[in-house]
Amino acid sequence: MPRPFRRLSIEQFARELEEYPFGARRISAVHMHHTFHPDHSEWRGERSIEAMWRFHTAVRKWSDIAQHVTIDPQGSIWTGRPWISVPASAAGHNGTAAAHPFMFEMIGNFDIGHDRLAGPQLHAAIEVVALVQERFQLPPESLRFHNQMSSKTCPGSSLSYEEILAQVRGRRASLPDRPERAAASVPHTPSARSALCVGINTYPDAPLEDAVADALLWSRALQRLGFQTTIVTNCDATRANLVRALEQLITGARPGDVLVFQYAGHGTTVRDLDGDELDGYDEVICPYDYATGALLIDDDIARIFRALPDGVNLTCFIDCCHSGTITRFAAGPPTASNGFRRARFIRATAGLERAHAEFRRTLGALSREAPAPMREVLFAACRPEEVAYENGGHGEFSRRGVALLEAGIAGVTNAEFQRRVTVAFGPRPLQHPSLDCAPAARSRRLLEPHAG
Ligand SMILES: [Zn+2]
């Protein structure tokens, strides 16, 4: 891709990547960098790309601009050196003509206290990593930060490798399957600890502010406890993607594994369409696209959990309202800085009920399956008659739950964790977190493999 440099959308990049004549050459990794200079304030579009090219060729004496693509602050992807040529990424890590990394630069200085990697630029970076990995069937861990290969801070001290990696995993999980993908699955390691962390803020009609921060908070705490986490947020958290990610979490598990499903976002209830709920309502998680009727109802989750292999410990942390008895609350207004609390609850309108009924029809016959005994352990943010709140950066439940995880959980049972969360809400709580599980599971250790 010689000069002139071209600006591509994500869709154009995806197409060019599919069609690019790589021949027998293989991409073996994806290297992430930031430019440092220009930073966001110095970015001048194509002129900046040209200036980088001049610097790399005239001063550094490289054959071409160092990187294969450059991602600008608006999330556009600029072409760079040909994708079949070895990059100038990091000494000793640039590969060979037969197999080399794909290198990209992000315009900005992402060291702490400077630019922030967010919005469309972060989105494009995750897309580039996921698409290149998918094209060459590489594992998510084939992503490398420059600072893992040198003493530089690049791609910036504000970026956490584990967090970016978790977002790449989430994106990979939502990409359509390739035929050869199944064959490339990684061998299973004993007693795996895997978590799916979901947070949704950007509901088109009822945005929240703190749910994505909750997902990142849980993910970080779980990583410290040895979990490999997958983060799915905002517009990636559609019903289809959540079903796929949950199925992936469950079906890959083996006896002795420990799994976590964490959700922060809106909940609601809708009238039960197949008559299996005593109170006539289904409890619902609201995916990003819920307004189309694409609800994730308790029956859907129960169906997925039915595939849980014996001997697997699955624990859910659900920070939303989930009750059929809440009728007084609609979604709260945006939080002002005065500490107003926002309810994580959508009131199901007649229109949503209709869209839901229509959506279920498109899914086909409503299957009636005998209720299975509860095998998961469910920590919920509040009782059925209550509202789950977010306030000041996090959900009230997530903030306390994660703090307790971080304080140490060695030897702590599920019931004891429940007691500690309740204590953390103080003597006059606005919401009472609840624990729902089979009686025998109360005395089991929190997030530990099942014995035997
Ligand atoms: Zn770098």
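Throughout, read-outs are computed from the coordinates displayed, never taken from laboratory work. All values derive from a computational prediction rather than experimental measurement. All Cβ positions, glycine included, derive from the backbone under ideal geometry; neighbour counts span all protein chains shown.
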DSSP-assigned coil residues among trypsin sites (Lys or Arg not before Pro) in region 1-47, each with at most 11 further Cβ atoms within 10 Å
44
Please get the size of the charge dipole for region 191-443, origin at its Cα centre, with Cβ charges of +1 on Lys and Arg and -1 on Asp and Glu, quoted in debye to the nearest 20.
560
Antiparallel as a % of all DSSP beta bridges within the chain, to the nearest 5?
35
J(HN,Hα) series, region 124-135, from Karplus relation 6.51 cos²θ - 1.76 cosθ + 1.60, nearest Hz, glycine and proline x:
5, 5, 5, 4, 4, 4, 5, 5, 5, 4, 5, 4
Which shape class applies to region 7-159: rounded if a/c is under 1.5, otherwise prolate when a/b exceeds b/c and oblate if not, where a ≥ b ≥ c are the square roots of the Cα gyration tensor eigenvalues?
rounded
Using Cβ contacts closer than 10 Å as the measure, can you line up 61, 152 from fewest to most?
61, 152
From the backbone phi of region 292-309, what are the Karplus-calculated ³J(HN,Hα) couplings (6.51 cos²θ - 1.76 cosθ + 1.60, θ = phi - 60°) in whole Hz, Gly and Pro given as x?
7, x, 7, 8, 9, 8, 4, 5, 4, 5, 4, 5, 5, 5, 4, 7, 4, x
Run the numbers on region 191-443 and let me know its relative contact order in percent, using alpha-carbon pairs under 8 Å that are six or more apart.
20
Rounded to the nearest 0.05, what FRET efficiency do residue 361 and residue 235 give with R0 = 35 Å and r taken as the Cβ-Cβ distance? Could you check?
0.90
Counting other beta carbons within 10 Å of each Cβ, put 281, 20 in order, fewest first.
20, 281
The answer for chymotrypsin sites (Phe, Trp or Tyr not before Pro) in region 61-144 that fall in a DSSP coil and have at most 10 neighbouring Cβ atoms within 10 Å is none
With +1 assigned to the C-beta of every Lys and Arg and -1 to the C-beta of every Asp and Glu, and no other charges, what is the dipole magnitude of region 7-159 about the Cα centre in debye, to the nearest 20?
460
Subtracting the Cα-Cα distance of residue 114 and residue 24 from 0.36 nm times their residue separation yields 28.3 nm
Sort out for me the Cα centre separation of region 59-77 from region 378-452, rounded to whole Å.
47
Would you be so kind as to identify which of 418, 434, 447 lies farthest towards the positive end of the dipole of the chain, taking Lys and Arg as +1 and Asp and Glu as -1 on Cβ and the Cα centre as origin?
447
May I ask which residue of 317, 30, 73 lies farthest towards the positive end of the charge dipole of the chain, with charges of +1 (Lys, Arg) and -1 (Asp, Glu) on Cβ and the Cα centre as origin?
30
Fewest-first ranking of 31, 356, 40, using other Cβ atoms within 10 Å as the exposure measure
40, 356, 31
Let me check against my output: what whole-number percent is the relative contact order of the chain, with C-alpha pairs under 8 Å and at least 6 apart?
12
Filtering trypsin sites (Lys or Arg not before Pro) in region 347-447 by DSSP loop and by at most 14 other Cβ atoms within 10 Å leaves 368
For the chain, build the charge dipole from Cβ charges (+1 Lys, Arg; -1 Asp, Glu) around the Cα centre, then report which of 402, 85, 103 sits farthest towards its positive end.
85
If you average over every viewing direction, what projected area does the convex hull of the Cα atoms of the chain give, in nm²?
23.9
Residue 31 long-range amide H proximity, modeled H, under 5 Å
102, 103, 104, 144
Total charge dipole magnitude, the chain, about the Cα centre, Cβ charges on Lys, Arg, Asp, Glu only, Debye to nearest 20
1080
Could you go through region 348-363 in sequence order and give the Karplus-derived ³J(HN,Hα) for each residue, using 6.51 cos²θ - 1.76 cosθ + 1.60 with θ = phi - 60°, rounded to whole Hz, and x for Gly and Pro?
6, 7, 4, x, 5, 4, 5, 4, 5, 4, 5, 4, 5, 4, 5, 6
